[in-house]
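This report refers to the structure that appears directly beneath it.
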Amino acid sequence: MKKMDQICYIVHKTDNVATAMEDVTAGDIKLTGENKNRKGEMIALQQIPFGHKVALCDMEEGDQILKYGVCIGIATKKIRKGMHVHLHNMKSAYDFRSAQLDPVTVHAKDIEYKMY
């Protein structure tokens, strides 16, 4: 029996990322949503957790990350088509605080956590 398609959803036709609708493993993914002018399938180069983004095209450091038809972030390093897009390779353009989150723990880097 063939595994069901791994689905990634494109919110707006101008987006350069799609959202994983489930945990995605490296391999074939199906693109749904505002998928006009794009093929319906592509290859994920790495694991992408549910709700995270996959790059729909190659991006250079400083390029805008587009979702919802607007810039939500800036690439902090080169991102290849099919790669996981998250805090490890982008920063938020929405607010300064989101851009300061640790990519592993997702805790704010400007707060010191102490154990008492």
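Some notes on this structure:
- Positive minus negative residues near Ala75 (Lys, Arg vs Asp, Glu; Cβ under 9 Å): 0
- Using a cut-off of 22 Å between Cα atoms, the listed pairs Lys39/Lys67; Lys13/Lys77; Lys53/Lys77 include Lys13/Lys77 as exceeding that distance.
- Assigned charges on the beta-carbon of Lys, Arg, Asp, Glu; region 7-100 dipole about Cα centre (debye): 120
- Calculated accessible area for region 7-100 comes out at 56 Å² per residue, all protein chains present (probe 1.4 Å; ligands, DNA, RNA ignored).
- Fraction in percent of alpha-carbon pairs per bin - 5 Å, region 1-81: 3, 16, 28, 25, 20, 5, 2, 1, 0
The values are calculated or read from the model by the stated rules, or taken from the named source; none is laboratory data. Every value quoted in this text rests on a predicted model; they were computed, and no experiment measured them. FYI the Cβ positions are ideal-geometry reconstructions off the backbone, even for glycines, and counts take in every protein chain you see. These accessible areas exclude ligands, DNA and RNA; they are computed on the full protein's heavy atoms, side chains included. Shrake-Rupley method; radii C 1.70, N 1.55, O 1.52, S 1.80 Å.
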